[in-house]
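Colleague: Encoded as structure tokens, here's the structure I'll be asking about.
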Amino acid sequence: MNSETPDYKKIKPFFWPPSLLFRQMGSAMLMGYLNGWRKLPHWLFHDALKSIPVSNGAMGMGCIGYPGHPAWEVTSACNLRCIHCHASSGKPNPDDLSTDEGKRLIDGLAEVDGFRTLVYTGGEPLVRPDIFELLKHSKDAGFANIIATNGTLIDEEMAFRLKEHGVVCNAISLDAANPEVHNHIRNSPDAFDLALRGMEATKKAGILLQINATAMEINMPYLPELIDFVDKQDASIMLMYQLVAVGRGEKIEKATLKKSANQELGELISSKQKNVKTIIEPVAGPQYWPYILKKKGMNTGISLKLAEKVFHGCAAGRGFVYIKSNGEVWPCPFVEVAAGNVRETEFKKIYEESEVFINLRNREKTLKGDCGDCRYRTICGGCRGRAWAYTGDYLAEDPRCFIVK
């Protein structure tokens, strides 16, 4: 296939029939009911239609947002040196995929029917010199582009240029509403102010604003204030990551949340969701879904079966896939297990036939320990990244689960 003029079998549709749109909204409505979300009507009338191009055909909610999308670490280079970076980003890696290799990867991703959005991450994707050439290529393939960024390089000119290249969402990282705390985590004296500039430019360009935060022991006290701050910024989506002990995050002493803190975080998200407009979703905390079901007494019988249709918990290898800058294919940025490399094997073959992905797609039969015996393994499944980080086995039980006592 010529990477300059790809002959796609079909361009992925950007708009969806009413039945599918209602199914997409159904997961948000169920989540809203379980949490007593008072701002759900506001979200339905003001944010739902803006969010649809971002989820772009996906159904349900789970770890790392909606299920069914690839994220590509387009570069290992970054203009910051964040203390918790899972990719240990910094200097460019000479082994990063070239422009032509990147285009071939995009062509390969386009062969998977369920993939309709492509997340560009890093490192910092905006430092890659050919980023706009790659964005144009994926836009032409029918993908809705998403940029996961620290936000420091986005001014108005950059934001409008991203919009022209098919970017429907900027996912900007913010770890505290307190500038000193955020700047400490980001190892930069002006990271906070520049991130705010990026957020304003994103909204001015008409790009949906998403905020990504990482919960650690050092910023846990600041998270309630951060959620309120994010809501005031009119962010449509907030992903609340938990630090997983990989990359530079492995070297931060006592940074990962204990089992009790994992529960605290779930309780915080649920309580805050009642009164904010922003949808808050946990990442690396799939116990949130059985937690809110149990709280409402909907964790048995038909209620649980309904929840299984829209809550997917850990998405590693079950729709979500992470491509490293050197072409390795991982189930998740926190599951450091290479199922293959796109330089050697077609992406679709890796994704559909590798043992790693087959095991994760059949987690009802392959998980071990408490996760394997748990009745919530469909809607939760435990964090596979934490299992890997603590045991070296991505199918082991999640050592930070607070659901199974």
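The values are calculated or read from the model by the stated rules, or taken from the named source; none is laboratory data. Because the structure is predicted, anything quoted here is derived from the model rather than measured. All Cβ positions, even for glycine, are placed from backbone atoms using ideal geometry, and neighbour counts span all protein chains on display. Ligands, DNA and RNA are stripped out before the accessible areas are found, and what is left, the full protein with its side chains, is counted by its heavy atoms. Shrake-Rupley method; radii C 1.70, N 1.55, O 1.52, S 1.80 Å.
Colleague: Pick from the stretch 159-192 the residues that are assigned to a helix (DSSP H, G or I) and among the acidic types (Asp, Glu): which of them is surrounded by the fewest Cβ atoms within 10 Å (Cβ to Cβ)?
Modeller: 180
Colleague: Considering only the stretch 319-363, state which residues are assigned to a loop (DSSP other than H, G, I, E, B) and open to solvent by 50 Å² or more (accessible area, probe 1.4 Å).
Modeller: 336, 338, 343, 344, 346, 362
Colleague: Which residue out of 378, 366 is open to solvent by 10 Å² or more (accessible area, probe 1.4 Å), farther than 16 Å from residue 70 by Cα, in contact with a His (Cβ under 9 Å, 6 or more places away or on another chain) and of a type outside the set (Asp, Glu)?
Modeller: Answer to the selection: 378.
Colleague: For the stretch 217-233, how many residues meet the condition of being modelled with pLDDT of 95 or more and open to solvent by 50 Å² or more (accessible area, probe 1.4 Å)?
Modeller: Residues that pass the stated criteria total 5.
Colleague: So is residue 292 in a helix (DSSP H, G or I) and under 18 Å from residue 398 (Cβ atoms) or not?
Modeller: Answer is yes for this residue.
The rows are residues; the columns are (1) touching a Leu at 6+ places or on another chain (Cβ under 6 Å); (2) surrounded by fewer than 18 Cβ atoms within 10 Å (Cβ to Cβ); (3) under 22 Å from residue 213 (Cβ atoms).
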residue	(1), (2), (3)
129	no, yes, no
137	no, no, no
143	yes, no, no
150	yes, no, yes
157	no, yes, no
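Colleague: Would you please list the contacts, defined by Cβ atoms under 6 Å and residues six or more apart or on different chains, that run from a residue in the stretch 17-39 that is closer than 16 Å to residue 298 by Cα and aliphatic (A, V, I, L, M) to a residue that is modelled with pLDDT of 85 or more and open to solvent by 40 Å² or more (accessible area, probe 1.4 Å)?
Modeller: Short answer, once both residue conditions are applied: 34/296.
Colleague: Turning to a different aspect of this structure: Checking the structure you have, find out if any residue of the stretch 82-102 is modelled with pLDDT under 95, touching a Ser or Thr at 6+ places or on another chain (Cβ under 6 Å) and either of a type in the set (A, V, I, L, M) or open to solvent by less than 10 Å² (accessible area, probe 1.4 Å) (or both).
Modeller: For the stretch 82-102, residues modelled with pLDDT under 95, touching a Ser or Thr at 6+ places or on another chain (Cβ under 6 Å) and either of a type in the set (A, V, I, L, M) or open to solvent by less than 10 Å² (accessible area, probe 1.4 Å) (or both): present.
Colleague: Answer yes or no: is there a residue in the stretch 292-312 that is in contact with a strand residue (DSSP E or B) (Cβ under 6 Å, 6 or more places away or on another chain), open to solvent by 10 Å² or more (accessible area, probe 1.4 Å) and within 25 Å of residue 235 (Cα to Cα).
Modeller: yes
Colleague: Among 316, 387, which is without any contact (Cβ under 8 Å) to a residue 40 or more places away in the chain, open to solvent by less than 50 Å² (accessible area, probe 1.4 Å) and among the small types (Gly, Ala, Ser)?
Modeller: 387
Colleague: Going residue by residue through the stretch 279-286, is there one that turns out to be out of contact with any helix residue (DSSP H, G or I) (no Cβ under 6 Å at 6 or more places or on another chain), at pLDDT 95 or above, over 22 Å from residue 228 (Cα atoms) and not β-branched (Val, Ile, Thr)?
Modeller: Yes, that holds for at least one residue.
Colleague: Any residue at all in the stretch 206-215 that's under 27 Å from residue 335 (Cα atoms), in contact (Cβ under 8 Å) with a residue 40 or more places away in the chain and surrounded by fewer than 21 Cβ atoms within 10 Å (Cβ to Cβ)?
Modeller: no
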